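Single-structure report; data block below.
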Amino acid sequence: MDSSGIRILLVDDHEIFLAGLRLLLKNEPDLNVIGEARNKAEAFQAVRNLPDVILLDLDLGAEMATDFLPDLVMFWRRLLVRVTSRPAMKQKC
């Protein structure tokens, strides 16, 4: 992966969402996806690649990003985090 431009880490527990983001960002010359994570443990491993930005899903299934976001930011203080979330789907009876 190219290391120039803005280095982005994607964190989401849905593979199709990760694939869509990866596809959208792939053609942007100044944006480089340097890693992906699906949970807290993978996020802490991937942040060692020193991203500039993390696109972080709020609800990671069994984990909530708000529970570990402060620790993630402490690891790399120059980090910009954008928390994403999908609205809850209403069930029809």
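What dipole magnitude, in Debye to the nearest 20, does the stretch 6-84 give about its Cα centre under +1 on Lys/Arg Cβ and -1 on Asp/Glu Cβ? Numbers along the way, then the final one.
On the way: 9 positive and 13 negative charges, 73 e Å.
With Lys and Arg at +1 and Asp and Glu at -1, about 360 debye.
Picking from L31, L69, F44, whose Cα lies most toward the positive end of the charge dipole for the stretch 6-84 (charges on Cβ: Lys, Arg +1; Asp, Glu -1)?
Of the candidates, L31 comes out farthest on the positive side.
Once label points are set 7 Å from the Cα along Cα→Cβ at both L58 and Q45, what is their separation, rounded to one decimal in nm?
2.8 nm
Ranking request for peptides 63-69, 21-27, 50-56: highest mean number of other beta-carbon atoms within 10 Å first, then the rest in descending order.
Numbers: 63-69: 14.9, 21-27: 11.7, 50-56: 19.7.
The most tightly packed comes first, giving 50-56, 63-69, 21-27.
For the stretch 29-35, take each phi angle, set θ = phi - 60°, evaluate the Karplus expression 6.51 cos²θ - 1.76 cosθ + 1.60, and give the result in whole Hz per residue in order, putting x for glycine and proline.
Going residue by residue, I get x, 9, 10, 10, 6, 9, x Hz, with x marking Gly and Pro.
For L25 paired with D67, estimate the spin-label separation in nm (one decimal), with each label point 7 Å from Cα along the Cα-to-Cβ line.
2.4 nm
Throughout, read-outs are computed from the coordinates displayed, never taken from laboratory work. These numbers come from a predicted model, not from an experiment. Positions of Cβ are generated from backbone atoms using ideal geometry, with glycine treated the same way; all protein chains shown enter the neighbour counts.
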